[in-house]
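Trainee: Just passing along the structure, written as structure tokens.
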Amino acid sequence: MRRLYKCLTLTFAAVAMAFSGCGKMPGSEKLVTVSIEPQKYILEQIVGDRVEVRCLMSNGGNPETYDPTVTHLYNLANSLGYIRMGNIGFEDALLDKIHEANPELPIFNSSVGITPITGTHSHGTHSHAVIDPHTWTSVKNARIIADNMLAAMEKIDPSGAKTYQKNHDRFVEHLDSLDAAIATRMASHTGEAFFVWHPSLSYLARDYGLRQIVLGNHDMKEIAPAQLKASIDSAMSAGAKVFFVQKDFDSRQAAVVNAEIGARQVEIHPLSERWEDEILTIIDALDNDSTVTAN
């Protein structure tokens, strides 16, 4: 995190002129920036082609170690607004610098109103007070995120309010249909467990009465042998049959654990822009006898 603050100090110095007098980039009069790719997907359902949506962290990035590039910050400098995800570490490091460089830039939190889950992530000794940041890995939460984005866009670009409202209503109708289809499919799996290495599916588990069993840790670092053995012992007694892994993030120890427990390993990409596809991949793995459909 110290490295991130140093990086932000240097890059914002380079970008400061973009805030203070260089004007907007050609063709970017309606540019809005978000933090991660799933946000980009959701916001694009609302704004259509009226606004260009840029993302600070592209798919494949790691929120725990992410440093924004000068290009990303320049795009942010030329944005009409910034819609943060909420509770992601790099956002907190960024906010003070954004405000310092451009106090007029509107900033919105797309996770406002979501009932938080705590205790899955830890910062030192305060694990129970830390909010799980993966709010977007939930169809129910996506509806709240869409509502927050609509409210943000109505302030950022009031002239497009009717268009945004129409697109929003169509999108949340689809989300409601998707949620209902998943709930029906998961009804027979209530109380069942699944494994993850990194605790990225807490909100999805809560939505459908599932148990997420974390075998690794929140910061994706390797764990001590004794803890690794404890994870294997816990997994063997849980009876879960699916182990979700994130190829670009998870420790090589995930493969060691799964060699012992013999669960069906499924690769997921929670930070992908293909948000709905990722949700359905997870549901397909949990209930591979049927297929979710939504209107």
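Trainee: Taking region 139-189, which residues are hydroxyl-bearing (Ser, Thr, Tyr) and within 22 Å of Leu280 (Cβ to Cβ)?
Mentor: Ser177, Thr184, Ser188
Trainee: For region 220-236, which residues satisfy the criterion of being of a type outside the set (D, E, K, R) and not in a helix (DSSP H, G or I)?
Mentor: Residues satisfying the conditions are Met220, Ile223, Ala224.
Trainee: Another question, then. Would a scan of region 88-96 turn up a residue that is out of contact with any helix residue (DSSP H, G or I) (no Cβ under 9 Å at 6 or more places or on another chain), more than 18 Å from Ser200 (Cβ to Cβ) and not charged (D, E, K, R)?
Mentor: Scanning region 88-96 turns up at least one residue that is out of contact with any helix residue (DSSP H, G or I) (no Cβ under 9 Å at 6 or more places or on another chain), more than 18 Å from Ser200 (Cβ to Cβ) and not charged (D, E, K, R).
Trainee: Of all residues in region 237-282, how many are part of a loop (DSSP other than H, G, I, E, B), open to solvent by 20 Å² or more (accessible area, probe 1.4 Å) and under 21 Å from Ile223 (Cα atoms)?
Mentor: Number satisfying all stated conditions: 6.
Trainee: For region 33-54, give me the residue count where each residue is open to solvent by 50 Å² or more (accessible area, probe 1.4 Å) and either assigned to a helix (DSSP H, G or I) or out of contact with any strand residue (DSSP E or B) (no Cβ under 8 Å at 6 or more places or on another chain) (or both).
Mentor: 4
Trainee: While we're looking at this one, here's another question. Is region 16-31 home to any residue that is open to solvent by less than 20 Å² (accessible area, probe 1.4 Å) and modelled with pLDDT of 50 or more?
Mentor: Among the residues of region 16-31, at least one is open to solvent by less than 20 Å² (accessible area, probe 1.4 Å) and modelled with pLDDT of 50 or more, which makes the answer yes.
Trainee: Please verify whether region 198-207 includes one or more residues that are in contact with an Asp or Glu (Cβ under 7 Å, 6 or more places away or on another chain), open to solvent by less than 20 Å² (accessible area, probe 1.4 Å) and free of Cβ contacts under 8 Å to residues at least 60 places away in the same chain.
Mentor: Yes, region 198-207 has at least one match.
Trainee: Check region 204-216 and report whether any residue there is farther than 26 Å from Glu44 by Cβ and modelled with pLDDT under 85.
Mentor: yes
The values are calculated or read from the model by the stated rules, or taken from the named source; none is laboratory data. The structure presented is a predicted model; accordingly, all values stated were derived computationally and were not measured. No Cβ is skipped: glycine too gets one built from the backbone with ideal geometry, and neighbour counts run over all protein chains shown. With ligands, DNA and RNA removed, areas are computed over all heavy atoms of the protein, side chains included. Shrake-Rupley method; radii C 1.70, N 1.55, O 1.52, S 1.80 Å.
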